[in-house]
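A short worksheet on the structure shown next.
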Amino acid sequence: MNLLLLIAIPLITAVFILLSRNQSQVKWISLAGSVVQLFSAFFLLFAFRHERVLNDTAQMLFEQNYSVFASLHINFHIGVDGISVAMVLLTSLVLVAGVLVSWNVQKMTKEFYFLLLLLALGAFGFFISLDLFVLFFFLEISVIPKYLLIGIWGSGKKEYAANKLALMLMGGSALILVGILGLYFVSGHSFDLLAISKTTIPPDFQNVIFPLLFIGFGVFTALFPVHTWVPDGHSSAPTAGSMFLAGISMKLGGYGCLRVATYLLPAGAKEYADIIIILSAIGILYGAFATMMQKDLKYINAYSSVSHVGFSLLGIGMLTQTAITGSLMQMVSHGLMTALFFAVIGMIYDRTQTRMVAEMGGLMKVMPFIMSIFFIVGLCSLGLPGLSGFVAEMTVFVGSWQHDDMFHRMATIVAMMSIVVTAVYILRAIGSVAMGPIKNRNYLQLKDATWNEKLAAIILAAAILAIGMAPAWLNDLLRPAADEIMKKITGS
Amino acid sequence: MSEFFILMKNELVVTAIIFLLLFVKLGREIKNDVLLSLIQLLLLLNFVFSIFLNKEGDLFGNMFHSDPLIVFEKSILNLAVYLISLLCSGWFKRTEHLVEFFILMLSSLLGMFLMISGGNLLIFYLSLELATIPVAAMVNFDLEKKRSSEGAMKMLLSSAFSSGILLFGISIVYGITGTIGFSEIASHLDASSSIQVMAFVFLFAAFAFKLSIVPFHLWTADVYEGAPIAATSFLSVVSKGAFAFIFITALYKIFQPLQEVWYLMLVFLAITTMVIGNLFALRQQNIKRFLAFSSIAQVGFILVGISSSDNYGITSVVYFILIYIFSNLGTFGVAAVISEYSGKENIDDYRGLYKTNSFLSWILALSLFSLAGIPPTAGFFGKLFLLTAAGSKGSYWFIAIAALNMVISLYYYLRIIRAVFMDKNEQPIPKIAINAPEKLALLICAAGIILIGFVGWIYDYILSLTL
């Protein structure tokens, strides 16, 4: 399969959006583009599996390499392994759902969808690029759309949140930039990920560069204590914006932590593994307890995202093959789950005009579909078997338990404790929103989900179930790629 | 004789335009817009000329030197002047003194051409004066405004002062080496005595004045604010670019033996320039003052690239300036159009601009993101290559400081974006009917900002010129 398609489709869609005449054209063009993108992502999945079945054991498949800045050795080098395929699939699912739930955006519709597609373009490009310069380029592309989406279409303290997000992400990028340039010079002027992975980088140098890259990408993925943009950014963004921020953008950071920092600098990763574990354990527990205190549904999901993303960082810090696989599964699972969660919150808010848990109640009676989805996503969040959250977290814990020393065991136990806290806040939120008496008479007139909302919710819920019921396919996709990373770590 | 025409073609065309304007002034009245179109056509012609028949050579006993890289630099400056003549056409058509303004601007441009091509310190000094003095008169062009005269006075005094320092430096250099030719000076310098360093510091200070490197930047903001926007954009784009080019030549060719001295100076000054420029830009209200400090910060970035001292350094600086003219002129162009039609120059007045003027808002956003160095704009590539060039020296903390400064600068660029796109305003600037040349220039800027980054061979081409 030609990977350029994955970049071309969003780009062409964005151009057509600019050329369109009216609102309904904009919406249908974006929907058509994102559905085509979803199909090509599925096609990529099957093509990838097909190649693997044919015993094509190359690390990266469907590689393409074009020289851009020849004198600086910058190439447009793209290719995918199992991790990239999973992430591309995740992104296109969230994109379709995001387009569908934004169907009723009235304010500057054209600009809204254009920025949404640009944001998606950055994510797709990021996940398939094998050249650090190109990867960085795509990572940074998403800054403008995020800022404008929150600032223009957001709610609450939107200007503050947009500024905070843009500046913190730029700060993270600055660290990443220094790290990438360090790799460029130490590897003899190459930005190529695969080429750098084959050079031996002195451990002293790795110990300097690793924290830069890990913290830099950590800002994107809400590593404690640089997570502070997450609650404000997520809760101020419009629904589709939150879905993208939590579902995709945080995964950019996780992917970078693993693929760039850990894979290219294994000695550095070993050196700092304990610190990563401590920070992510704190993040998991802190996020969970902070969620307990939230009264606003969006803040609940934002803080619980900090907690959930902690599991994938914990998996990276454990440096075992199973834990890393689990960490990747958690990224996919959390991406789907949190996107669905924000979509449901958006649907509730559109109807009740409030996000405060205390002001709602008994909504199950008036909007059974939305509330059922709310149940599913809530149960997924607290790790109920049969849904994706359980599979991912379990894998991380099993992988962590493979270390038999006290430190790793303690960290795992601390992380596990958060599940109890998660159950408390999720059940409490669901209980008071869906059950009990209806607190406001006006709620009786509210309608259930419209076709577009139903479709969006079903797509994401189906993916969550598909992972939860049959995790083997995702495991098969991710494990060989995680193996490759482990080989590099044990080899150093 | 033919070599004379080929090597000096750009200078000759500009001189021809100046003489033409002088004759026009003597003859009968010609309408402003006819004259303006003629000038624009000739400038464009000059730009096209510089594409053909480029070769390396010296004239007048090594006083004048030209090679393809120098012609490329000249064509960048020429393009910038062409864009300014389009962008400010509303103001040009209205003003009574169009001819005078262009004579001054083109004389200054001629001075810059000669300066870049200069082969010894004498021609360098003379052309530097030719490049500077007309600008002071241009700054004074808003005859009714007090601030304009104040700015001109400040500019004149500070340039006279810096010229004095420069002459002092030149005389010491002559005293040490007994020559004023660039190539001979280099062979006489060896960093062995402190008098050499002293001479260098004097020359360096003169450059720092022109480039408004901190702590020699104090004249910048007032002059930018007082001057008409056409003069401000000339000062901030063309003049900065020209002095950056000659600065590189001076450091890399003449003072190559003193490299260890100037590397440390550059690192120190780059950091202070970026930090001070950024911090002062944070709180500016007037868009011209704001751009003054932002351009100081940008010069800091140029210094980061210059510190590399190899071909990649030259290339990344020339490439950055090429991008910088598009992004900065895009910003100035929008400011010029708004100030021309509504008289407003404060950032607060820009609130709610998007509602009424979406085209101008998008151009402004694009230019500002390019100045901030965010992809997919070309500014991202420009800044990144400056940092990459500097990285070859291996001082990563220096790159880290520069990268963090990009974050600070993003904050104040976002302030304008926020005012334009997000803030509510009961009385936004009414819809502006932009005329064709202005629109053309803004579109050229936007195209430059979007395309240059993706056309990789431009960088490779510049690098091939430096080899």
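What follows draws every value from the coordinates through simple rules; no lab data is involved. Here the structure is a predicted model, which means the values were calculated and not measured. Glycine gets a Cβ as well: all are built from the backbone with ideal geometry, and neighbour counts include every protein chain shown.
Across the protein assembly as shown, counting alpha-carbon atoms alone, Rg and Dmax equal 30.1, 98 Å.
Here each label is just a point 7 Å from Cα along the line to Cβ, and for residue A:189 and residue A:43 those points are 3.9 nm apart. Kirkwood radius, segment A:337-450, all distinct C-alpha pairs, inverse of mean reciprocal distance: 15.6 Å. Shape class for segment A:236-348: prolate, because the ratio a/c of the largest to smallest gyration tensor axis (alpha-carbon atoms, square roots of eigenvalues) is 1.5 or more and a/b beats b/c.
Qualifying trypsin sites (Lys or Arg not before Pro) in segment B:387-467, where qualification requires a DSSP coil assignment and no more than 14 other C-beta atoms within 10 Å, comprise B:424, B:431. Averaging over all projection directions, the Cα-based convex hull of segment B:292-436 occupies 8.8 nm² in the image plane. Largest first, the three principal axis extents of the alpha carbons in segment B:1-134 are 44, 29, 26 Å in whole numbers. Rg and Dmax of chain B, both derived from C-alpha coordinates alone, stand at 21.2, 68 Å. Tally Lys/Arg at +1 and Asp/Glu at -1 over every other residue whose Cβ is under 12 Å from the Cβ of residue B:114; what's the total? Summing Lys/Arg as +1 and Asp/Glu as -1 gives -1. The residue list B:82, B:303, B:440 was ranked by how far each Cα lies along the charge dipole of the protein assembly as shown toward its positive end, using unit charges on Cβ atoms, and B:440 comes out on top.
Within segment B:53-99, the trypsin sites (Lys or Arg not before Pro) that combine a DSSP coil assignment with at most 16 other C-beta atoms in a 10 angstrom radius are B:55. Candidate cross-link partners of residue B:253 among the lysines, defined by an alpha-carbon separation under 27 Å and a same-chain spacing of 8 or more, comprise B:9, B:55, B:74, B:210, B:240, B:383, B:393.
Computed about the Cα centre, the dipole magnitude for chain B is approximately 1100 debye when only Lys and Arg (+1) and Asp and Glu (-1) carry charge, each at its Cβ.
Peptide A:66-74 has a mean shielding of 6, counted as Cβ atoms of other protein chains within 10 Å of each residue's Cβ.
A convex hull fitted to the Cα coordinates of chain A yields 126 cubic angstrom per residue.
Label-to-label distance, residue A:35 versus residue B:51, with points set 7 angstrom from Cα along the beta-carbon direction: 4.6 nm. Per-residue mean of foreign Cβ neighbours for B:352-359 is 1 (Cβ atoms of other chains, 10 Å radius). With a Förster radius of 56 Å, plug the Cβ-Cβ distance of residue B:342 and residue A:442 into 1/(1 + (r/R0)^6) and report the FRET value to the nearest 0.05. E between residue B:342 and residue A:442, to the nearest 0.05, is 0.75. Local charge for residue B:244 was computed over the other residues whose Cβ lies under 10 Å away, with Lys and Arg +1 and Asp and Glu -1, and equals +1. The residue A:465 and residue B:31 beta-carbon pair, evaluated with R₀ = 60 Å, returns a calculated FRET efficiency of approximately 0.20. Taking every Cα-Cα distance in segment A:72-154 and sorting them into 5 Å bins starting at zero, the pair-distance distribution P(r) comes out as 3, 14, 21, 22, 17, 11, 7, 3, 1, 0 percent. Our note on the geometry: Cα centres of segment B:1-28 and segment B:81-99, 20 Å apart.
Every helix of 4 or more DSSP H residues in chain B counts as -39500 (n - 2.57), and over all residues that averages to -24500 deg cm²/dmol at 222 nm. For residue A:483 and residue B:149, FRET efficiency with R0 = 56 Å and r from the beta-carbon atoms, rounded to 0.05? Given R0 = 56 Å and the Cβ-Cβ separation, E is 0.15. Mean residue ellipticity, 222 nm, helices only, chain A: the sum of -39500 (n - 2.57) across DSSP H runs of n ≥ 4, divided by residue count and rounded to 500, is -25000 deg cm²/dmol. Expressed as a fraction of 2.2 N^0.38 Å, the C-alpha radius of gyration for segment B:193-272 is 1.21. Loop exposure criterion: chymotrypsin sites (Phe, Trp or Tyr not before Pro), DSSP state outside H, G, I, E and B, at most 13 other Cβ atoms within 10 Å. Applied to chain B, the longest stretch between such sites is B:61-467. Could you pull out the trypsin sites (Lys or Arg not before Pro) across segment A:21-113 that fall in loop regions by DSSP (anything but H, G, I, E, B) with no more than 16 other Cβ atoms inside 10 Å? Here the sparse-neighbourhood loop sites are A:21, A:107.
In order along segment B:217-225, phi translates into HN-Hα couplings of 9, 5, 6, 4, 4, 5, 5, 4, 5 Hz, rounded to whole numbers, per the Karplus curve 6.51 cos²θ - 1.76 cosθ + 1.60 with θ = phi - 60° and x for Gly and Pro.
Taking the Cα of residue B:157, stepping 7 Å toward and past its beta carbon, and measuring to each backbone N in segment B:197-218: which are under 16 Å? B:217-218, by backbone N distance to the label point. Summing charges over all other residues whose Cβ lies under 9 Å from the Cβ of residue B:50, with Lys and Arg as +1 and Asp and Glu as -1, gives +2.
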